Every structure is written in C-alpha cells, then in structure tokens.
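The values are calculated or read from the model by the stated rules, or taken from the named source; none is laboratory data. What you see is a predicted model, and the numbers here were worked out from it, not measured in a lab. Here the Cβ positions follow ideal geometry from the backbone for every residue, glycine too, while neighbour counts run over all protein chains shown. To get the accessible areas, we keep the full protein, side chains included, count just its heavy atoms, and leave off ligands, DNA and RNA. Shrake-Rupley method; radii C 1.70, N 1.55, O 1.52, S 1.80 Å.
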Amino acid sequence: VLDITHQVPPGDIRRGAAVLAVTAPQLPPAVHLAVVDPGVGTRRRAVALAAGESLLVGPDNGLLVPAAEALGGIRGAVHLSTQLHSPPIGAASASATFDGRDLFAPAAALLATGTALARAGQPVDPGSLVRLPERVLRLGDGVCWTEVVDVDRFGNCALSMAAADLDRIGASRGSVVTAELPDGSLAELTFLRTFADAGQQEPLIYLDSTGRPAIAVNCGSAARRLHLAEGDVVVLRCAPLAAR
Amino acid sequence: VLDITHQVPPGDIRRGAAVLAVTAPQLPPAVHLAVVDPGVGTRRRAVALAAGESLLVGPDNGLLVPAAEALGGIRGAVHLSTQLHSPPIGAASASATFDGRDLFAPAAALLATGTALARAGQPVDPGSLVRLPERVLRLGDGVCWTEVVDVDRFGNCALSMAAADLDRIGASRGSVVTAELPDGSLAELTFLRTFADAGQQEPLIYLDSTGRPAIAVNCGSAARRLHLAEGDVVVLRCAPLAAR
Amino acid sequence: VLDITHQVPPGDIRRGAAVLAVTAPQLPPAVHLAVVDPGVGTRRRAVALAAGESLLVGPDNGLLVPAAEALGGIRGAVHLSTQLHSPPIGAASASATFDGRDLFAPAAALLATGTALARAGQPVDPGSLVRLPERVLRLGDGVCWTEVVDVDRFGNCALSMAAADLDRIGASRGSVVTAELPDGSLAELTFLRTFADAGQQEPLIYLDSTGRPAIAVNCGSAARRLHLAEGDVVVLRCAPLAAR
C-alpha cells in the first residue's frame, strides 16, 4: 500500500484527477483508489474501471477518467455493487458520507486480492461515465486562448494546450509571450527550459514534467503572483508588450 | 507501520483524541502510538493502556481515553518506566521536549515486538487517568445546547449529541433546525442525509460517518461559513426562523 | 521505503537540510533521498554522498551536507551520471523540471539495490560541494548575536548557537534572557527546561531535542508571536529588561 497524497484540497475533483493522471502511469500495475467525492451519498455512481493493466476505484464524477486514458484507455467498467458497502465496525449500517471507508476501500481491497472486476458490480458503458468538462483551447492567428487546468503546491499553473500549440503561435525557446490575464492585466512570460533560467521572482512559460506548457514564477508562486486559479482562461500572444 | 495522520494541529489534544477514537476501532488489533503533547517534559505521566485487543501509548493528558473507550474500555494501564527513555543517537541523555522520539516510540516498539504491558512500567489505576472535560449537552423543551467537539479538514463540525437527541427536539429528516451561533447570529440548517442533498454552499445538519449529528456546508466549510470552532456551544431548535 | 516528510515549504533548502540533518542520524543505515531543488534543470550538479554507513542523494545546493556531517562526515561523493536520467513512462526524454522523478529517485533506487557509489557517477571533491552560508554567531561581553536557523511547524525557532554559548553569556536554568528582535522590540525569555515550565503563551528559551538553544512560546508559536523567521538575527543578553 502506497499513499500517493492526502493533500488534494477538499472537493477539488480536477486537482485529484490531474494528480492521478500524472501519477498512475508511472507506477507498476495496481489498484488505484481515489476519493474526492463531494457527491457522496447521492445517486452518483461508485465505479471501478479497468485501464491498461491497472484498476481504478472511486466515484463516477470525472475523477478517474483522465488517469484511465493516460493508462491506455478504459477496457471495462462496473458500477460497484451496494452489497460491497460495509458498515464500519460497531455500526449497524454504512454511513451516507464516507464511502471512502465504507465502500471504495473495501472494494479496492477485494480487487487487489484477486476478485475479478466483473464480480464487483454490474457492467457500465464507458461512454456513460461522467467526464470533466472540456477545457478551453482555441487557436487564432498568432493567439491562443487556454485554460489553467491545474495549480500545484508550488503555484505552477498547467495549461490546456500542447507543446505544439506554442509553435503554432510562433513561440520558440527564448521567445517572449504576452499573457492576458483574467483580471485584464498583462504579463510577459519568457519561454524557458526551467525555473532558474528566469530571474528570481520572474514569470516564465515552460514545458512541465508532463511535457505540456505551464506558467511558473522562479522561486515563487505563479498562482499568487499572477492571481491565477484553476479554470481561469489566459490569452497568449507571441510578442513582447512593446510590440502590441 | 501505518501513519494515520500528521495533520493534527499543534497541541490540539481534542482533535488528536477524536481522530484516534474514530480510527483505532476500524483497524486490526495494534499498538497505537499517539503524541499530541503540550505538557512534554513536565510531570504529566507517560502511559500505555490496554483496550480491547489493542494497546495505546502516549501522554496522560486525555488523548488516549476516548479511543480506549471506543475499543471497548480500559483493561489495564501502566505509567511508562523512565528506564525506557532512550537518548537519541549521538546524545548523552533524552531530551526534555521530544518524548515522541525518546520515550513513546521506543515504548511502542517494545510492546509491538512482544514485551508484556506489565513490564513497561508500574500499574496505574484507570480511574486516575486524565480525562478531557465533559462536553456541554443540555436538552430542554424542544431545544438542545450542544458543543462543537471536532472540526475536520473539510470544516465539518461534529456535535456533542447523539442522533436520538435530534428526535428529542422533534427534528426528523427534512426538518429545518435553527442554530443560535456563538456570535449571536442564527442559521437555518436542514436535517439531510448527505452534503449534496443541500444546495451548493447551503448549511445542513446530518449524521456523520460516526453516526452522530454534525453541521456542514455543501461544497464549503461550516467552520468558516458559520464561524464555528471546537468548543463553541450551539443552541438548536427544531423550527425555521420565521416560526420564532 | 519510509516517507519522512512532504511538508518542507517549496524551495526552502535550509528547512530541508535541517530536517534531514536531525532525522538521518536517528535512522538505520539507509539511502536518504532528499529533493528541495529550486535550481532543477540548471547546471547545478546532482550528487550522491557517502557518510557514515549511509548514502545521501539529491541536488548539490547545500541540502545534503549538514546531514552528511551529522552522519560522521563525507566519505565520498559522486556527480550523478546523466545516463541515470530516466524519461518518465510514455515520454521520449527526461523533463527539465522534475529530477526528483527522473534522476534522483532512480539513482537512489539503484544505490539501494546494491549498485556501488562509484558506478553512479564521476567522483567529486567533497570540498567543492555547495555549502549553505555560515550562520551569524558572535559572542561579546555578556551578549550573543545569533541567527534563527530553523522554524518548525510548531513555530519553535532553533538558534545558531550551542548550549555552552548560553553559559558564556552567563545564563543558567531560570535566568531571564532579553532578546533584541529584528523589528527592534525586546522580549524577555526565561531559560527553562521545557515548554510547559512557562506560563501559557509565555516565551522561553530552552535546549531543544537536538540539545541546542531554541526560542518557543508555550502553547503557541514563537515565530508568529515574536515575528521571527529563519535567517533573522537575534541579540541575547542575560538580564531582565529592568536591568538595562
């Protein structure tokens, strides 16, 4: 049993999904248990997915799908049987607010000890699984509208674009990219290889450890410095401010 | 060795006791080591308790007793011998400020590897153990004075009352309960099954995963929204505000 | 595999070095992997050090040296080979911003499974390793200038002085030591054995669990109460305020 993290902010499905999607593919085949579950106790489904050689267990709220795709795509899915619901020791029935303890962990343990996925519940059409909304990504003539998809504990802001999209707006290593921020202000980001290639407290755009563009501040927090949060839309143009 | 949590706020004996009391009964028989110890280095006793098939090791400041009761009651107790005090490697003597390292962890390791409780120290009368003060719980005619006994990392506020006490003030699922808060303000709490049965950011009262009443805010923090902290007294009446 | 902590603040090399230096000597011989790495992706070296019977793996930015000294001194050092750089699964090349995943953890795993240090990279002169700047410590006639070297999660402030330096300014258990703080204010600290020997919320100076002087506030945070941060210089005199 490995604890990957207990630091996902309460209820932040997007952050949980992002951490799971970058972590699971780097681990050996496993049963991955993930619980960020603001809809606990409602009719949202509890599911287990097969993806690659791994299984993913958690709520059907979008949390698991990006990891399943990063593991090679969904090979199968079940709606976990309510018969798996175990009341906590000393209680007559399972709680309405802690499926992590009463359903997901017992189901993950069953699967990890060899129970077949098909025996854990009824099959589910993968197409019916809840997916997180599509992120904003629009490319125009030398301009890109992109969304902050994840903010990590350093304050680095991952974007909903691919490395190739930086090419498409004409940015290459060393270019200055101007970012129009949600508060209407503008920031100059140099496209650099790593944090310390920027001056202290200077903002940069770089390819993060997943290979995708992200915004950082060297020795600081881009989220705090540029007032960015997950879900914000940023407009990028490959030109210094003076050229506008 | 399982790490349950390192997130109890510094010195918060009540929170440590609450986490331990809900966690220990759900785990297999074990030696539970718990250290929230603002009195470290003073004459407060260091103890080990037998409860159910488990042992509990820590300071005699109230931290262990609720868990021991949840495990079935205290079967025996010892005052840990000062001969168990191990100086850290490279030091001549144990510190006055880190019994977690110098006394409790070595004692727990000894007990976990088979040393009998009786050999870890002198017997202690369980009745002499420090207990946390009783919580406020007073029932009147359709009214209940109750205390916030625990605030978790989601901001959910557990109360010093039983599910049956909600019945006693006339509340059933769907009832509106008015809460008089410590700052004099009033809040309407609907008695619901789970968080998401309330509207986003709406407060509710519900039975938490231990089966006891608690106050929450759906997708938010009741502690922040209602300015509640552990130890606060809340007055509950089963009536909407308009009925007052 | 033991996780010591994931709570070092982002980029705080000093705090990482302090935690590692007090922890590593208390553990059995091991490969200690430590990554606080604001210079990731630049030409700062990645190193592994032999110290005592342990190995230390991480960036050459001062993080590892205090622990190596606490383990008995550096017996050998290598600059980790770039051939150890492993791209993450699914990527063509290692990232420029996550050597923890792509270089340090794989190198630590290699060393932990028996690869000789000499095969992990080119030898490095220990004298060439980056060291954290010396801390302020100046002793005058009954006065000591000392620096806050570490602030822990309780807000206790460790100082760059030895227990003997308190003797040198004339302080013994029970003495009142006046501290001139960076903001120009003065605080009276009683030299006590442990936190709870002071009144609630009262400041004290004591020998911490490493045996060195530190400033605390009983049941509170010295860092917050006295506005102290790592790197601050404090001037200590063995005299109550009234004697000035």
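Of all the options B:ALA222, B:ALA112, B:ALA34, the one that moves most in a Gaussian network model of chain B with Cα springs shorter than 10 angstrom is B:ALA112.
Using a 1.4 angstrom probe, figure out how much accessible area chain B has per residue, in square angstrom, rounded to the nearest whole.
In whole numbers, chain B has 46 Å² accessible per residue.
Name the residues of segment A:71-100 whose amide N is less than 11 Å from a point 7 angstrom out from the Cα of A:SER128 along the C-beta direction? Under cut-off, by backbone N: A:78-79. Inter-copy label distances at A:ARG153, using a point 7 Å along Cα-to-Cβ, come to 1.0, 1.0 nm with the shortest given first. The rotation axis taking chain A to chain C passes closest to this chain A residue's Cβ, listed with the gap in Å: A:ASP3, 4.
Considering every residue in A:87-100, what mean count of other chain Cβ atoms within 10 Å of its Cβ is obtained? Shielding by partners across A:87-100 averages 5. Averaging over all projection directions, the Cα-based convex hull of chain C occupies 14.8 nm² in the image plane. In nanometres and ascending order, the distances from the B:ALA229 label point to those of the other copies are 2.5, 2.5 (point 7 Å from Cα along Cα→Cβ). Near C:LEU181: Cβ cut-off under 12 Å, other residues only, Lys/Arg at +1 and Asp/Glu at -1. The net charge is -3.
The sum of -39500 (n - 2.57) across all DSSP H runs of n ≥ 4, divided by the residue count of chain C, sets its helix-only mean residue ellipticity at 222 nm to -3500 deg cm²/dmol. Any chance you could check the Cα centroid distance between segment A:168-215 and segment C:22-85 for me, in angstrom? Result: 31 Å between the Cα centres. Shape of segment A:7-72 from the C-alpha gyration tensor: oblate (a/c of 1.5 or more and a/b not above b/c, with a ≥ b ≥ c the square roots of its eigenvalues). The same position C:ALA118 in the other copies lies at 5.8, 5.8 nm from this copy, comparing label points 7 Å beyond Cα toward the beta-carbon, shortest first. Based on alpha-carbon atoms, the Kirkwood radius and the radius of gyration of the protein assembly as shown give Rg/Rh equal to 0.97. Using only Cα coordinates, the Kirkwood hydrodynamic radius of segment A:120-182 works out to 14.5 Å.
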